[in-house]
Every structure is written in C-alpha cells, then in structure tokens.
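J.: Quick one: the structure is below, questions incoming.
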Amino acid sequence: MERVDFRDQIAKNKWKSYFLMFCVFAVVVLLGYAISFAFAPGYVFVILAISSIISIIYVLISYYNSDKIALLSVGAKKADPIKHRNYYSVVEGLTIA
C-alpha cells in the first residue's frame, strides 16, 4: 500500500477548495447572466457586474468564515474545562507530544 504524505493531501485540498470557489463564482455569474436576459436584456453588463460583485463577496465571506459555518452547522460548543477534565488532559498531552 502506498503511503500518502499529508503535505500532498493539504496541497490537493487547497486546489479543490480554489476550484470549488471558482465554480461557485461562475454559477452566480451565469445565474446573473440568465436573469439579465429573462428580465432586462438591455442591462446585461450592469447585471453581470452586480452579480460578479455579489459572487466575489459571497466567496470571500464563505472562505474566511468557513470554520465558523462548519461549527455552527453541527452545533459545536466549547467544552467546559471542569466538566471535561479528561478531554483537556488528553488534548494537552497530544499538544505537548
């Protein structure tokens, strides 16, 4: 069985993240393009500019807040150091190691 270096996995995940962000950007811009032809064909470039700005803002907000979004989606809470003493000691041991 071939060993996989974690640095290679990190690089692949970064590439996939950038590709996914580009796909989200492209979908929002294409949606703006379709909406411009459906409602106001004369304002195609204005609607494309607005959809591009909205898409860039959406991608940046989701990229920089993805950790908070993931924690909120599963209902994660900070562990109480007194109540979860074993958890804190295990994490501290792993941190030192």
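None of the figures in this text is laboratory data; all of them are computed from the coordinates on show. Worth saying up front: this structure is predicted, and the values here are computed from it rather than measured. With ideal geometry, Cβ positions are generated from the backbone for all residues, glycine too; neighbour counts draw on all protein chains shown.
J.: Given (1) 116; (2) 139; (3) 180 as candidate values of volume of the Cα convex hull per residue in Å³, which corresponds to the one derived from the coordinates?
T.: (3)
J.: Another question, if that's okay. Quick one: order MET1, MET21 by neighbouring beta-carbon count within 10 Å, fewest to most.
T.: If I rank by nearby Cβ atoms, fewest first, I get MET1, MET21.
J.: Using a 10 angstrom Cβ neighbour count of at most 14 plus a DSSP loop assignment to flag exposed trypsin sites (Lys or Arg not before Pro), which longest range of the chain is free of such sites?
T.: Here the longest segment lacking exposed loop sites spans 4-76.
J.: Want the number for TYR43 to ASN13: 0.36 nm per residue separation, take away the alpha-carbon distance, what's left?
T.: Between TYR43 and ASN13, full extension yields an extra 7.0 nm.
J.: Quick one: how many lysine pairs does segment 6-96 have with C-alpha atoms less than 23 Å apart and a gap of 8 or more or different chains? Give me the count, please.
T.: Counting lysine pairs in segment 6-96 gives 5.
J.: Further question: At 7 Å along Cα-to-Cβ for each site, give me the label-to-label distance between PHE25 and VAL91 in nm.
T.: 3.5 nm
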